[in-house]
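Rule-based calculations on the coordinates, nothing more; no lab input. Treat the numbers as computed from the prediction; the structure is a model and nothing was measured. Positions of Cβ are generated from backbone atoms using ideal geometry, with glycine treated the same way; all protein chains shown enter the neighbour counts.
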């Protein structure tokens, strides 16, 4: 258990490094993505061309990769996008949030606050920086080209910080799966709504979608691993798969996050989702010990989960997030970073480890 605690202490120390710019780095909210030799990922911005107002989707193909690589790639890709957006945090267990830097008056000041009001829009500078990335998430979906065209009108009328014309959380998950190696829709149903791939995973559970990369379970049926998806529904508010089965194929307001780490001792799950705090954010979710070891997901009022989508891919180490090149020192190559943001994150999440050196 002590080793698990130390692993997660290191994770959140490194979280702070990612969330606060190194000396001499660009003065924006997040970090530039890693070079291909460090992490072989085609950035979402490569799926589009043009500036906001005249942006358009480019034709590209999703990657087809073997199952033994996919779980690790899902974690690495999600972690890189989180870092790119400035490493915001939404703690569903304790009701606190750390806004993305571009949503504060001082983009570099890390301040946790109670999660009691709607997150503000990003400022124009940060909105411009991330616009092509969000458009790239949309680009992998069938409706993406039209959504980007509609957004051009919003940008032209209201400026680059205009609100996106549709929620982009499912597009984010779809892009991660596309880049991770699920090339075709029979492996993962890329869509602008989470319920479509949730339904696919339920059909896989029922033996009707044998190629699906995910299989749906109720909470507590399987332990949670990095790369899995945890989902909840707003309207209607499903409590289990049986309730969704009765409405299969009909629209529902749902949301899923990508699990990137499991803290067995702390009984919590760390997951990354898109369009959370108007950003790509890390969530802290409630877990509970599983009799067989590991952690089961648990629904709580602030995170009413109803589905656990289990990734059908080879397992990775328990500390896969820590082993990611995004978190394993790739940003320690330059001047020693300032760790003001790390101190706030560690203190608020209760995983501080004094006297630790990161780089």
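Tell me whether the range 227-275 comes out rounded, prolate or oblate; compute the Cα gyration tensor, take square roots of the eigenvalues as a ≥ b ≥ c, and use a/c under 1.5 as the rounded threshold.
prolate
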Going from the fewest other Cβ atoms within 10 Å to the most, one would list 158, 169, 174 as 158, 169, 174
Applying the gyration tensor rule to the Cα atoms of the range 184-292 (axes a ≥ b ≥ c; rounded if a/c under 1.5, else prolate if a/b exceeds b/c, else oblate), the class is prolate
The exposure ranking of 276, 57, 259, fewest beta-carbon neighbours within 10 Å first, is 57, 276, 259
Exposure-ranked with fewest Cβ neighbours within 10 Å first, 202, 272, 147, 74 stand as 147, 202, 272, 74
